[in-house]
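The values are calculated or read from the model by the stated rules, or taken from the named source; none is laboratory data. What you see is a predicted model; the values in this text were computed from it and never measured. As a convention, Cβ positions derive from the backbone with ideal geometry for all residues, glycine included, and neighbour counts pool all protein chains shown. With ligands, DNA and RNA removed, areas are computed over all heavy atoms of the protein, side chains included. Shrake-Rupley method; radii C 1.70, N 1.55, O 1.52, S 1.80 Å.
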Amino acid sequence: MQLGRRLVLRGSLALAALATLPRVLLAAAWPEKAFGSTAAGQAMIDLLGTDQTTASDAITLQVPEIAENGAVVPVTITTTLENVESISIVVKNNPRPLAATFEMSPGTLADISSRIKMGETSDVMAIVKTDAGIFSTSKQVKVTIGGCGG
Amino acid sequence: MAGKIKIKTKLTGDVAEIKSLMLHPMETGSRKDPDTGEVVPAHYITQLTFANNGKVVMVANFSTAVSKNPYFGFKFSGASAGDTLKTSWVDNVGGADELETTL
């Protein structure tokens, strides 16, 4: 009987958790699965449906060659590609490679900058999704002090 | 949670350049507190949204790999002086903040 009660209790806790779901659903566009992926290829499949990208020199990825502090690595991505739908940053050797993804609106220029954390030296990929396909470029960033905690 | 967003805007023609800075710890969930040795729970901004006069111009989805006190800059066209730019974010534990600025 004791065990049965525990189960009921657990069940009601699960229901309570379900009740808080709507708040999560509001941010449904946040690609939880892709962000949770531990391999760069899988993260790209989860986010874009494929890990195949076309290398493009129409994308400019500005990152430092050597980042002394992996906790703050400036990244700037611009592209002359047209009809950009999204821009994503993937750090191949990070525990969770997908760092960020930016959803563009028609009037938004393909020119974004941010700062990311890198655990170790890694290739950084800029992935640009347009109505014509998925394009990317990548650069290696050497990290002297990792920035992923621990 | 107010006052944790800083925005700088610059209007050139109809192109607005936005630079934003959020005050947020962006904890990865894998860092250990150096004093207690306990893992600091993940606490990070998941989504940052910009809307100009009510029209969404940018949605930035962040992971824990975005640096502490995130900086984010972008540009959009079709802006004019006097437009209201609303910046808002939500984090993984239900925290949120928003700020309205005039271009």
Taking the Cα centre of the protein assembly as shown as origin, work out the dipole magnitude from +1 charges on Lys and Arg Cβ and -1 charges on Asp and Glu Cβ, in debye rounded to 20. 700
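Using a 1.4 angstrom probe on heavy atoms only, work out the carbon and sulfur share of the accessible area of region A:78-150 in %.
Details: 1300 of 2910 Å².
With neighbouring chains kept in place, the figure for region A:78-150 is 45 percent.
Consider all pairwise Cα distances in region A:31-145 and report the whole-number % of them above 25 Å.
Values: 954 of 6555 pairs.
Across region A:31-145, Cα pairs with separations above 25 Å total 15 percent.
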Solvent-accessible area per residue for region A:31-145 at a 1.4 Å probe radius, Å²? 45
Can you give me the distance in nm between label points at residue A:105 and residue B:96, each placed 7 Å from the Cα along the Cα-to-Cβ direction? 1.8
May I ask you to find the residues of region B:36-51 that are shielded by at least 40 Å² of accessible area once the whole protein assembly is considered instead of their isolated chain (probe 1.4 Å)? B:47
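Taking 0.36 nm per residue of sequence separation and subtracting the Cα-Cα distance, how much length would be gained by fully extending the chain between residue B:86 and residue B:42, in nm to one decimal? Mind showing how you got there, number by number?
Working: separation 44, 0.36 × 44 = 15.84 nm, distance 2.63 nm.
Computed gain between residue B:86 and residue B:42 is 13.2 nm.
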With +1 on the Cβ of every Lys and Arg and -1 on the Cβ of every Asp and Glu, and nothing else charged, how large is the dipole of region A:45-133 about its Cα centre, in debye rounded to the nearest 20? 260
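Quick one: divide the alpha-carbon radius of gyration of region B:5-94 by 2.2 N^0.38 Å and tell me what you get.
1.30
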Among A:58, A:98, A:124, which residue has its Cα furthest toward the positive end of the charge dipole of the protein assembly as shown, with +1 on Lys/Arg Cβ and -1 on Asp/Glu Cβ? A:98
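Greater than 18 Å separation of Cα atoms is the criterion. Which listed pairs, A:117/B:68; A:33/B:68; B:10/B:86; A:142/B:32, meet it? Working shown, then result.
Values: A:117/B:68 9 Å; A:33/B:68 22 Å; B:10/B:86 15 Å; A:142/B:32 24 Å.
Those over the limit are A:33/B:68; A:142/B:32.
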Gyration tensor (Cα) of region B:47-103, equivalent ellipsoid semi-axes in angstrom: 22, 12, 9
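Roughly how many debye, to the nearest 20, is the charge dipole of chain B about its Cα centre, given +1 on each Lys and Arg Cβ, -1 on each Asp and Glu Cβ, and no other charges?
Using Cβ point charges on Lys, Arg, Asp and Glu, chain B gives about 320 debye.
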Pull up the cross-link candidates among the aspartates and glutamates for residue B:19, meaning alpha carbon to alpha carbon under 20 Å and not fewer than 8 places away within one chain. A:103, A:111, B:83, B:91, B:97, B:98, B:100
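Total Å² of accessible surface buried at the B-A contact, 1.4 Å probe, nearest 100? The partial results should precede the final answer.
Details: alone 6060 and 9460 Å², together 13110 Å².
Accessible area lost upon association: around 2400 Å².
Count the DSSP beta bridges whose two residues both fall in the protein assembly as shown, then state the antiparallel fraction as a percent rounded to the nearest 5. Kindly include the intermediate steps, with their values, before the conclusion.
Values: 78 of 83 bridges.
About 95 percent, rounded to the nearest 5.
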Please average, across the residues of A:94-102, the number of beta carbons from any other chain that are within 10 Å of each residue's own beta carbon, and give a whole number. 5
What per residue convex hull volume, in Å³, do the alpha-carbon atoms of the protein assembly as shown yield? 151
